[in-house]
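Let me begin by presenting the structure, written as structure tokens, before commenting on it.
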Amino acid sequence: MQTTTKIMTNLTIYVIVFTIMVCVVGGLMSYFYANLKNANDETVANTSYSMLNLYLLKTIQTPNVIIQSSGLVDNNDTTSYYITFQKGDGTTATFVKLGNIIYYNKTKLCENVDVFKVIVDKSENQSFSVEVKMLDKIYNSQYALD
């Protein structure tokens, strides 16, 4: 009898310790997974904004480029901005947010964009500022045309 009681006690202790260990390991794994997901989202946002920034810089460094038009786009109950540049050779380049995606002409640059705001300052030199919010991260940049 005592042997059976001892075996049952040991088995109960083993099950309790095993359950505690599984809970601790599961908690640690979920903590690190959440941090990895946040780091991944931040990396995706930084990469997407860098791509947008590079396309904007490449466009405005084109010789004889001017801002042709800019303003608001009303698309499916969401308001967004656009900016169109006219290059020296007569071609145009447009940056616009449709839905949650920023496009350069028809090329998709950024996804999961909440805000794309372009403010043009037409003082002595043409300049504009861009505000982008994606994946809960806000980016602000100012650009000036030569």
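Just so you know, in the stretch 110-137 the residues that are out of contact with any strand residue (DSSP E or B) (no Cβ under 7 Å at 6 or more places or on another chain) and assigned to a strand (DSSP E or B) include one that is nearest to Ile60 (Cα to Cα), and it is Lys122.
As a summary of the residue check, Lys87 satisfies the conditions (1) at pLDDT 90 or above; (2) more than 26 Å from Met134 (Cβ to Cβ); (3) touching a helix residue (DSSP H, G or I) at 6+ places or on another chain (Cβ under 9 Å) except for the one numbered (1). Can you say whether Val73 is at pLDDT below 90, within 23 Å of Lys137 (Cβ to Cβ), among the hydrophobic types (A, V, I, L, M, F, W, C) and surrounded by 10 or more Cβ atoms within 10 Å (Cβ to Cβ), as far as the supplied structure shows? Considered against the rule, which asks whether it is at pLDDT below 90, within 23 Å of Lys137 (Cβ to Cβ), among the hydrophobic types (A, V, I, L, M, F, W, C) and surrounded by 10 or more Cβ atoms within 10 Å (Cβ to Cβ), Val73 comes out as yes. Could you list, in sequence order, all residues of the stretch 43-70 that are polar (S, T, N, Q) and over 20 Å from Lys137 (Cα atoms)? Scanning the stretch 43-70 gives Thr59, Gln61, Thr62, Asn64, Gln68, Ser69, Ser70.
Residues in the stretch 112-136 that are surrounded by fewer than 19 Cβ atoms within 10 Å (Cβ to Cβ) and either among the polar types (S, T, N, Q) or touching a Leu at 6+ places or on another chain (Cβ under 9 Å) (or both): Asn112, Asp114, Ser123, Asn125, Gln126, Ser127, Ser129. If the requirement is being at pLDDT 90 or above, farther than 30 Å from Met134 by Cα and either of a type outside the set (Lys, Arg) or in contact with a Gly (Cβ under 8 Å, 6 or more places away or on another chain) (or both), which of these qualifies: Ile7, Ile16? Answer to the check: Ile16.
The conditions of being under 23 Å from the mean Cα position of the chain (by Cα) and either over 17 Å from Val120 (Cα atoms) or at pLDDT below 90 (or both) are not met by Leu28.
Checked against (1) surrounded by 12 or more Cβ atoms within 10 Å (Cβ to Cβ); (2) at pLDDT 90 or above; (3) in contact with a Phe, Trp or Tyr (Cβ under 9 Å, 6 or more places away or on another chain), Ala45 passes all but a single condition, namely (2). All conditions but one from (1) of a type outside the set (A, V, I, L, M, F, W, C); (2) under 24 Å from Asp74 (Cβ atoms); (3) modelled with pLDDT under 90 apply to Asn125; the one that does not is (2).
The values are calculated or read from the model by the stated rules, or taken from the named source; none is laboratory data. Predicted model only: the values in this text are computed from it and were never measured. Counting neighbours? That spans all protein chains shown, and the Cβs are built from the backbone with ideal geometry, glycine included.
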